[in-house]
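A.B. asks: Take a look at the following structure, please.
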Amino acid sequence: METIIRHVDYQNFDNYITICLGLHLFTIGVYDFVVDKIKTEHNKLYTICASGTRTKRNCSKRFKMFKDWCQSCSKWKTELKKLKSDECRHWKIINWSQLSSLDWPQSIDEMAKVFVKNTSIHYRDGVFYDIGAVMSILTNMNIFAFDKITLKDIIRIRNDYYGHNYRTSIYDAEKNIFFEKLLHFIRLPTVCGYQSARKYTLALEELQNTEHLSQKLLKKLLDKNCLNNVRDVLLHNVQRYVSLEKAIVSQDEMTGNNKIYADFKSRLDKFIVLEEITEGRRKYFFEILTKFKIRNNHLFRLLLFTTLFVVLMRPTADQTGCMSMRFQHHWMSTIDFDFYIRELNSSSIIERVWLEPLLISALKTQTHVLLSAHLGYGKTTIVSQILCAEVYSPWHHLRTMAVAYHMCRFNHKDSILSDIFIRNLAGNIVKDVPELGNAILADVYAIDYLDFKCDKDTFSCLEIVIFAPLKHIQTDKKYLIITDALDECDTPMGNDLYDLLSKKLSDFPSFFQFLFTSRKIHRVLYEFKTLQNVMEIDLESYTERNILDAQRFIEITSNLTEEIKTNISCDLSKVHKTLENIYHINLKRILGTTSTTFDDWNALFEVLCAAANPIDLNELFLIAGLDDDKRRTFSILLGNELSHFLEHSNGKLSFQHKAFKEFLTKDSRKHMLFYTNETKGHKHFSNYYLHINTSQNQIDTKVLLDIAYHVALTYNKQIVNEFLQFYCARLKDCEILNIMARDVNCYDTANLVIHLINKSGLISSNMASAAFISSANGNHKTLRALLENNVYFKSKYNHVVEHTMKGAELVHMCKFVFFCGYSIFQIAAQRGYVEIVDYLLKKYPYMLYEQNSIRLNAFQLAAENGQTNIVKLFLDINSSLADPHSLYYASQQGHDEIVSLLLNYVNDTCLPCNGSMYWLLTLSIRKQIDVTLPVEALDTNSFYFRSLDIIQFDEMRRNIILLDDRRLLTCESALNAAVRKGHLRIVKLLLEEEVNALHCTMFDGSTSLMTAAKFDQAELFRYLHDYGGNLSCRCKNNLSYEDKIEKTELALLKEKKCPENGSLAHLLAIYNSYGIIKHLLNTGFYHWETNDTNGLTPSHYAFCCNSNNFIKLVVFADKDTAHLYLNSKSNNGSTPYHSAAVCRSLILSHYVDTSVKTLPDKVDNNNRSILHYGLMQPVSQEDTN
């Protein structure tokens, strides 16, 4: 080997070490995912291949000819071949003698080796800890549904940056690309939910963001046992091959450059921790190095393996960094606030730690907290300190609670958008809280909205992406969502993030808590503190604390002498009392003491005040009519004094803070210096747009809507008429109407757009839809304009697609996607828009009693969706609206305050369960059982559409009834629904009533106590038992109308069905609830051996269903009596062993090996043995008789 003459580039070499550590952590991170998939397939193959006598011949090693293989090994090989993917190229050249077919039934490692290309390698730590082997498995097995590009990216970077990287150095850019690829893979929805992936994703992120390797970092990331193993291998017996990483060494003489060895030794002395490797051992390692010849500069590779699991040591501090809102999912939004937060935190000087216990205490007593103060009290800085808190910071507890944050910035358009907030929230939940995130990933409707629909309907998006997937999750943990500068997300056009949160805050799952910051704006305090019961912490009220913080700031930042510092005294009487005073003084200093100078720039400020978003600087000059000289002068001011008030970023200008705009436009200052008329700003915009667009025949609809917004707010008839005259001839369709209804909450703008459509001669069928869309998005002012223009709103919102659907999902789709037959009043009630509901009630009180296509009224919709304020409003009008349906859904959804209200008017009673659909009219049928209209008929060119008989279709629609009748089908009480969903507080409320449903039964005869057993609600079971729940009830099927229920509905009903004449013990044997079984054993329950209609005992079901808790705690609790359970027979003479065999239950193998030792020679009434049952077609637990 030629002499090495270069020196080590330690930074790039450290990067090389980092990517090798990254490969190691990545391999461990995907371990749970890979092993789980392989185990699942292994269990399936075991059922198919190992049901007979287990082979004792290792055919793969003994016989070269497949014809000599035994039946068991041949069958395993045949089934394994079915698992190979199209990319598997090595199957025909596998060296089977290097594999052990004897171990396939017992070892998933040995099974997985079949799909590793190089079978000759010895995997000292197992095949699943080797990156090369893992990538082979992922590529060559068809059970991993990844696209080829994803896998090829990982393989390529592994080869380029590690396997074939003989220069043993990596540049920073290469390192970042490498980690992005690894993190993209480990964050895939199918991978990220596993425990190892969650743990090592964080480790990979930390490794990627760490500029310098440190002892602290590697001690946290690496396993000391692995360190000792690798060190021993290298120091005592260097392997010729180390897995597929091929750190190839040849035991031969070598001559090398002494300087490079000195560099390496120096580097090693810095890296290796003394207490881990002694000086003697290090010396011995270098003696070994001098005896080896390393091919292609693999001296670096060999040294790397010495340091791979060895803790490094460097004086650089290990930085944890600030909380990030970045994630890699495909719905990633256009902005995050990471840079903004880091900059704020790095520039903060005073840490206001006295506030931390106040916030913690407030969050313990209230769900949400609002931190309020006028500008200048450091609210945003406090947020940045929370989000960037280190482990020892007083703020660290709040940081650990935080799951997401959002920064409202008046000069940043995207930060006020609701869909950005929802996408970021969902992405961070998926990234950081898998127990919640997996529910979002598993919901196809949620993913669909995140991909395509979130910006179109943000209220539906929030309900479908966050509320619906998470509403059934039970957890005691609290997750904090921080929203800074809430007031700056409130815009004149409405339909912004402020609007969303003000209306939907109460609908968030109870484990979410919000921390808001805001200026002391009356509207914010009223809508959040008063209406939403958010607890306010007024920063300004802590005068002494604020003064102390101000003094500390002066001490730290000023150049005062020590004498002054020791005698510091702030004369607060000279400090400006209001923000207005500060603005006034500074503008006077910059622009002079007369109005003349300010008038020179007033047109520019008028345009800025009227602008809804940051505006291009050159466009601003054109709209304001500034000449070249003024432009130059203003540019100089902007770079100096005015930069305190205006932000110039990416060529666009906006106010630094919303408070400055409010100061300029405040009506009470109309006749004072530095007043700006916002209406004039809208005139500037209108004149500019009407002028530049005179030559354009077509214009973008959203741009036209912006122009209409400015024209409407000029309140100038001449400009309005000019706008209408110019655009009425150019308006080609009514698309602008729906966009306005969705995005704008402005009465004047809506009025103008409606006049434009009317004047254009377009007959809009969208007017009624626009009214519905505005109501669905909470745009009260736009809705009012539509109604005052006599828009026909009484028609119901219908979607023809609803007639093409059937089955279990139809009701859900009609409630939350198609809004079948909803009125503008019903959608507002469902979504909690009190202002719209109140307005419509005053004008059209009859709406309160109308029903939608699912036969639900506005009260029922509000109760189901947790709209407490609206429920109270309706009850004050007519308390007879309270009904069992509302109580049922409020109980199921966990709305305890509404349940408490309803119990004043209605009782939770047993439903008739007599086998008839008594709620349907004579000759009518349920819509869920069949489609009204073939989906092909939606195509107007299709045969179905041309042959459609409209009269016949209308006749069918009259006879078909769509009802939300799950409660009636299942005969389920509100108590049972609350038990099923785990709502303890509601269960307590319902049982405290004199009339309750404790002993009511469902369609299968099960009580609420049995439902707790089905759904493993141990705490609720104990409460129901203590309250008098009957332990001796038996199940009895009352479902006699199965032929009238669509199959997907029927499957849902039977999903947790109780066996006929089954007891509580049967349910515990089936659903295997550890907590409930332990509770009953502790209370002396002994009815474990009962029979259902087929004579099956709980032990039969336990052995069939793999219920290890039941078998361990009940069946084998006493070895002397275990045989009584094991030998119990059903009506056909089968034992629990037969049940295990026919159900293909692995529990049989486990207990034969550990407890029973040998299978008994038991036969049923037809003389069929356990083996006979094992060879039968697999059956479900319902058929084990």
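The values are calculated or read from the model by the stated rules, or taken from the named source; none is laboratory data. Remember, predicted model here, so these are calculated numbers, not experimental data. Heads up, the Cβs are rebuilt from the backbone with ideal geometry, glycines too, and the neighbour counts pull from every protein chain shown.
A.B. asks: Which of the residues spanning segment 448-491 are polar (S, T, N, Q) and touching an Asp or Glu at 6+ places or on another chain (Cβ under 6 Å)? Give the steps one after another, and end with the answer.
C.D. replies: Taking segment 448-491 and keeping what is polar (S, T, N, Q), we get 458, 460, 474-475, 483, 491.
Once the filter is applied, which keeps residues that are polar (S, T, N, Q) and touching an Asp or Glu at 6+ places or on another chain (Cβ under 6 Å), segment 448-491 yields only 458.
A.B. asks: Let me ask something additional. Taking the condition touching a Cys at 6+ places or on another chain (Cβ under 8 Å), in a helix (DSSP H, G or I), surrounded by 19 or more Cβ atoms within 10 Å (Cβ to Cβ) and not assigned by TED's automatic domain parsing to the domain that holds residue 459, does residue 709 pass?
C.D. replies: Working: touching a Cys at 6+ places or on another chain (Cβ under 8 Å): yes; in a helix (DSSP H, G or I): yes; surrounded by 19 or more Cβ atoms within 10 Å (Cβ to Cβ): yes; not assigned by TED's automatic domain parsing to the domain that holds residue 459: yes.
Judged against the criteria, residue 709 is a match.
A.B. asks: Restricting attention to segment 980-1018, which residues are under 20 Å from residue 470 (Cβ atoms) and among the charged types (D, E, K, R)? Outline the logic, then answer.
C.D. replies: So in segment 980-1018, the residues under 20 Å from residue 470 (Cβ atoms) come out as 980-986, 1015-1017.
Answer for segment 980-1018, where residues must be under 20 Å from residue 470 (Cβ atoms) and among the charged types (D, E, K, R): 980, 981, 985, 1016.
A.B. asks: So, of the residues in segment 837-893 that are of a type in the set (Val, Ile, Thr) and in a helix (DSSP H, G or I), which turns out to be nearest to the chain's Cα centre (by Cα)? Write out each step before concluding.
C.D. replies: Taking segment 837-893 as the starting set, the residues that turn out to be of a type in the set (Val, Ile, Thr) are 837, 854, 868, 870-871, 877.
Applying the additional criterion that residues be in a helix (DSSP H, G or I) yields 837, 868, 870-871, 877.
Details: 837: 31, 868: 26, 870: 28, 871: 29, 877: 39 Å.
Only one residue fits best here, namely 868.
A.B. asks: Taking the criterion of being in contact with a Leu (Cβ under 7 Å, 6 or more places away or on another chain) and not polar (S, T, N, Q), would at least one residue in segment 333-341 satisfy it?
C.D. replies: Looking for residues that are in contact with a Leu (Cβ under 7 Å, 6 or more places away or on another chain) and not polar (S, T, N, Q), one finds at least one in segment 333-341, hence yes.
A.B. asks: Looking at (1) in contact with a strand residue (DSSP E or B) (Cβ under 8 Å, 6 or more places away or on another chain); (2) closer than 30 Å to residue 373 by Cβ; (3) at pLDDT 85 or above, can you tell me which one residue 645 breaks?
C.D. replies: (3)
A.B. asks: Taking the conditions exactly as written (modelled with pLDDT of 90 or more, out of contact with any Lys or Arg (no Cβ under 9 Å at 6 or more places or on another chain) and assigned by TED's automatic domain parsing to the domain that holds residue 1014), does residue 1068 satisfy them or not?
C.D. replies: Working: modelled with pLDDT of 90 or more: yes; out of contact with any Lys or Arg (no Cβ under 9 Å at 6 or more places or on another chain): yes; assigned by TED's automatic domain parsing to the domain that holds residue 1014: yes.
So residue 1068 passes the test.
A.B. asks: Say we look at segment 184-209 and pick out the residues that are out of contact with any Ser or Thr (no Cβ under 7 Å at 6 or more places or on another chain) and farther than 18 Å from residue 438 by Cβ; which of these is surrounded by the most Cβ atoms within 10 Å (Cβ to Cβ)?
C.D. replies: The qualifying residue surrounded by the most Cβ atoms within 10 Å (Cβ to Cβ) is 204.
To keep it simple, each residue is scored yes or no on (1) assigned by TED's automatic domain parsing to the domain that holds residue 527; (2) buried (at least 23 other Cβ atoms within 10 Å of the Cβ); (3) not charged (D, E, K, R).
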position	(1), (2), (3)
363	yes, no, yes
372	yes, yes, yes
383	yes, yes, yes
387	yes, yes, yes
405	yes, yes, yes
408	yes, yes, yes
415	yes, no, yes
443	yes, no, no
453	yes, no, no
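A.B. asks: Return a yes/no flag: does segment 336-347 have any residue that is in a loop (DSSP other than H, G, I, E, B) and at pLDDT below 75.
C.D. replies: yes
A.B. asks: Additional query: Do you know which of the residues in segment 641-674 that are part of a strand (DSSP E or B) and out of contact with any Gly (no Cβ under 9 Å at 6 or more places or on another chain) is farthest from residue 376 (Cα to Cα)? Write out each step before concluding.
C.D. replies: We begin by selecting, within segment 641-674, every residue part of a strand (DSSP E or B); these are 646-649, 652-655.
Restricting the remaining residues to those that are out of contact with any Gly (no Cβ under 9 Å at 6 or more places or on another chain) gives 646-647, 649, 652-655.
On the way: 646: 16, 647: 17, 649: 22, 652: 25, 653: 22, 654: 19, 655: 16 Å.
Here the answer is 652.
A.B. asks: Just for segment 608-657: of the residues that are touching a His at 6+ places or on another chain (Cβ under 7 Å) and over 17 Å from residue 412 (Cα atoms), which one is surrounded by the fewest Cβ atoms within 10 Å (Cβ to Cβ)?
C.D. replies: Ranking the qualifying residues of segment 608-657, first place goes to 638.
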